[in-house]
1. Calculate the spin-label point distance for residue 214 paired with residue 132, positioning each point 7 Å from the Cα along the beta-carbon direction, and give it in nanometres.
2. Classify the stretch 84-220 from the C-alpha gyration tensor, please: rounded if a/c falls under 1.5, else prolate or oblate depending on whether a/b exceeds b/c.
3. With a cut-off of at most 16 other beta carbons within 10 Å, and DSSP calling the residue loop, which trypsin sites (Lys or Arg not before Pro) in the stretch 62-134 qualify? Please list them.
4. Among the lysines, which fall within straight-line cross-link reach of residue 220, defined as a Cα-Cα distance under 19 Å, with same-chain neighbours fewer than 8 residues apart omitted?
5. Return the aspartates and glutamates within reach of residue 219: Cα separation strictly under 15 angstrom, same-chain partners fewer than 8 residues apart disregarded; answer none if there are no such residues.
6. Just want the answer: with Cβ charges of +1 for Lys and Arg and -1 for Asp and Glu, which residue in 157, 85, 39 is farthest toward the dipole's positive end in the chain?
7. Pairs of alpha-carbon atoms within less than 8 angstrom and 6+ residues apart define the contacts here; what relative contact order does the chain have, in percent?
8. So what is the orientation-averaged projected area of the stretch 4-253, using the convex hull of its C-alpha atoms, in nm²?
Amino acid sequence: MTRQAIVLGSGTSNGVPSLGKHYPPEYLANARNHRTRPSLLLQGPTGNVLVDCPPELRLQMIREDVFDVEAVMVTHTHADHVMGMDDLRSLCLKYQRPIPIYTAPRYQEDIRRIFPYAFQQFPKGIWVPRFELYDVPAVLNLGGLEIRTFWVEHGPLPVLALRVGGFAYVTDVSHIPEEAWNQLTGVETLVLDAVRYKPHPNHFHFDRALEVAREIGAKKTYLTHLSDDYDHDKTNAELPDDIELAYDGLRIPF
Ligand SMILES: [Zn+2]
């Protein structure tokens, strides 16, 4: 059975191309410069685990032929990571049960506030999304995978990061605390935030992401949560062999 991660969305919070901006036709001609908001799918031997629910969630899952989700991990509750949660209603309807959502208690409160109707009773026949909220254990056994969880810092906020075997996903990060460094030891493939070229208070920017990638020393690092600063082919041509930009639809076996 396949064990792989699919980068469903490799874009930053406003997506690429961004609304209201003009881009050169050459830029838009490259499909890899079209980036939906950040999310990841872990495909295990017995099921799929979704990491974050951006506004394009439905389109991402249809694009990648994803028909089922066993559970969802929410890294944090910024709009680019949760505003597609309503799309999970079709799966609740399919399974006739709520979808398990794993996140920090503070983010569970946000989800209840943003989607109050997902927790209310409705007359029979009215279908809304249904969420069952859970705290995040150190190890999550889902989809036939052993997913190790840890927390990084995104400005003042904690963000959920994960490791499965030699694969790690660290989105929305400006600081990696020591416990998280330990979790990243020996990682083979890393997906890491590199929002833009200029420094950013709450994200690794390009130069910082390269430094951190070097320190972690994965065989391959894919940069993600990318703004329109990056022209996929041009940036890749300048990067060393072991570092590349992620793109929507990228598949990483683990
Ligand atoms: Zn984000």
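Laboratory data are not the source of any read-out in this text; all were calculated from the coordinates shown. Just so you know, these numbers come straight off a predicted model, no measurement behind them. No Cβ is skipped: glycine too gets one built from the backbone with ideal geometry, and neighbour counts run over all protein chains shown.
1. Taking the two extended label points, one gets 4.8 nm.
2. It is prolate, given that a/c is not under 1.5 and a/b is the larger ratio.
3. Listed in order of number, the matching sites are 124.
4. 234
5. Filter leaves 188, 211, 241, 242, 244.
6. 85
7. Taking the mean separation of contacting Cα pairs over the length of the chain, I get 20 percent.
8. Result: a mean projected hull area of 13.5 nm².
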